[in-house]
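Some notes on the structure that comes next.
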Amino acid sequence: MIPFLDLRAQLDAHREAYDAAYRTVMDAGRFILDKQVDSFERAYAAYCGVKHCIGVGSGYDALFLILKAMDIGPGDEVLVPAHTFFATWSAVSATRATPVGVDVRADSFNMDPEEAARRITAKARAVMPVHLYGLPAAMTPLRELCTEHGLELIEDAAQAQGAYYGDRRVGSLGDAAGFSFYPVKNLGALGDAGCVTTDDDRLAARIRRLRNYGSEQKYRHLEPGVNSRLDELQAAFLSVGLKHLDAWNDRRREIAELYDHGLRGKLTLPPADPSSVRHQYVVRHPQRDRLAAFLADRGIGTIIHYPEPPFLQPPYADAVTEDFPVARTVCETCLSLPIHPFLTDEQAGTVIDAILSFSNR
């Protein structure tokens with residue numbers, strides 16, 4: 001059996017450090033917004049090359065709080081990629097703004113800047129690209145587009161912890177960035193968690209306030225807020241993982257190179273871009289469902305990211321009249337193969353051999 005993901009292997013490899021982190025929090029007896037959160041926020045801000053990191057409850061909350069702190073709401077439009085996880089669109093809708101879909105590029109699965117330019121209206125307030133599957137979006141042309149039209153640039157960096165765009169890490173490329181630390185991410189907590197990164201002092205201060213009921217001082221609330229605070233235990237676990245993140249990402253790249261070499265010419269491979277941290281290894285095949293079933297019969301786990309795009313989901317299916325042909329085609333043909341830091345070369349070879357066997361039938 002080769003599972004799609006093996007989180008237990010990661011925990012076992014670093015169990016002593018995770019256990020020590022747990023004991024530190026338990027012994028301190030302080031669980032909300034204390035030393036562990038402060039320590040992780042400082043370390044992750046430095047890692048990303050920004051002034052501020054604000055720990056929150058999830059990646060979704062990170063995006064919502066960024067939009068809320070920017071006063072984006074009813075009557076406003078936010079450009080989002082047509083191919084992404086549902087949370088990207090949903091966070092916009094939670095502010096009562098309107099998500100405006102933008103088709104993606106077939107070679108990267110990321111937002112197409114030329115399509116984005118065509119989708120800007122007088123109601124547009126922000127562009128929110130996703131660094132999908134660990135590959136940074138085309139941030140230079142998107143920044144130029146936002147500057148030209150006076151728009152905010154928000155990174156959905158949920159899948160790209162540690163990735164570089166040029167000489168800068170994701171999280172430092174927009175006006176703000178939202179990260180998810182859901183357990184399956186390249187840097188994952190042992191539960192839900194997320195953060196916002198930014199260089200904007202005012203924005204950071206407001207997000208810190210909004211995540212804590214709109215309060216900067218106990219029992220005094222400056223505005224309505226939410227309860228979305230990274231807790232001490234998850235912060236301690238994330239601090240353990242952060243020490244290994246670059247090594248884990250390097251191992252993901254090694255596995256991707258094995259796939260690139262072994263599967264070339266057999267199906268459509270993801271871009272071999274060294275800037276990607278290979279959160280997922282997503283191939284495309286016209287007989288995707290048959291391939292997935294074939295691999296499952298041989299004990300190889302796969303996942304479809306994502307079987308149905310947001311614009312076809314019930315909340316948007318009636319309101320969104322545009323079609324996004326590239327995003328639709330990707331959803332119909334994509335398949336994610338096992339890739340994680342503890343996958344062995346032998347296991348990757350078994351996956352390759354199985355796909356070659358399917359291709360030669």
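Tabulated results
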| read-out | value |
| --- | --- |
| Segment H149-R8, extension gain: residue separation times 0.36 nm, minus the distance between their alpha carbons | 46.1 nm |
| Shape category assigned to the range 125-204 from the gyration tensor of Cα positions, a/c cut at 1.5 | prolate |
| From phi via Karplus (6.51, -1.76, 1.60), per-residue ³J(HN,Hα) for the range 176-186 in Hz, x at Gly/Pro | 6, 9, x, 10, 9, 10, 3, x, 7, 6, 4 |
| Per-residue [θ]222 nm for the chain (sum of -39500 (n - 2.57) over DSSP H runs n ≥ 4, rounded to 500) | -12500 deg cm²/dmol |
| The range 255-323 versus the range 171-199: alpha-carbon centroid distance in Å | 23 |
| Spatial separation of Cα centroids for the range 97-117 and the range 39-82, in angstrom | 20 |
| Amide H within-cut-off set for E152, under 5 Å, with H built and near neighbours excluded | A126, V127 |
| Amide H within-cut-off set for R168, under 5 Å, with H built and near neighbours excluded | none |
| Carbon plus sulfur fraction of accessible area for the range 207-270, probe 1.4 Å, in percent | 47 |
| Net charge over other residues, Cβ less than 13 angstrom from the Cβ of L233 (K, R count +1; D, E count -1) | -2 |
| The chain: C-alpha gyration tensor shape, a/c 1.5 cut-off, then a/b vs b/c | oblate |
| Shape call, the range 60-152: gyration tensor on alpha carbons, a/c limit 1.5 | oblate |
| Kirkwood hydrodynamic radius of the range 226-361, from inverse mean 1/r over distinct Cα pairs, in Å | 17.1 |
| Distant-in-sequence amide H partners of T268 (H built 1.01 Å from N, under 5 Å) | R284 |
| Cβ crowding within 10 Å averaged over residues, with 295-307, 90-102 ranked highest first | 90-102, 295-307 |
| Hz values of 3J(HN,Hα) by residue in the range 217-229 - Karplus curve (6.51, -1.76, 1.60), Gly and Pro given as x | 9, 3, 6, 10, 10, 7, 6, x, x, 10, 9, 9, 10 |
| Potential lengthening between S93 and D250 on full extension [0.36 nm per residue; Cα-Cα distance subtracted] | 52.9 nm |
| Label zone at T344 (point 7 Å along Cα-to-Cβ), backbone N below 19 Å, the range 2-33 | 2-14 |
| Residue-by-residue Karplus 3J(HN,Hα) for the range 10-23, coefficients 6.51, -1.76, 1.60, Hz, glycine and proline x | 5, 5, 5, 5, 10, 4, 4, 5, 5, 5, 5, 5, 4, 5 |
| Loop GluC sites (Glu not before Pro), the range 300-361 (other Cβ atoms within 10 Å of the site Cβ: 13 or fewer; DSSP) | E322 |
| Residues Y219 and A272, FRET efficiency given R0 of 35 Å [Cβ-Cβ distance, rounded to 0.05] | 0.05 |
| Approximate spin-label separation A319-K123, in nm, with each point projected 7 Å along Cα-to-Cβ | 0.9 |
| Percent accessible area from carbon and sulfur atoms, the range 20-74, protein chains only, probe 1.4 Å | 52 |
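The values are calculated or read from the model by the stated rules, or taken from the named source; none is laboratory data. Predicted model only: the values in this text are computed from it and were never measured. For neighbour counting, all protein chains shown are included, and Cβ atoms are generated from backbone atoms with ideal geometry for every residue, glycine included. Calculation scope for accessible area: heavy atoms of the full protein, side chains included, ligands and nucleic acids excluded. Shrake-Rupley method; radii C 1.70, N 1.55, O 1.52, S 1.80 Å.
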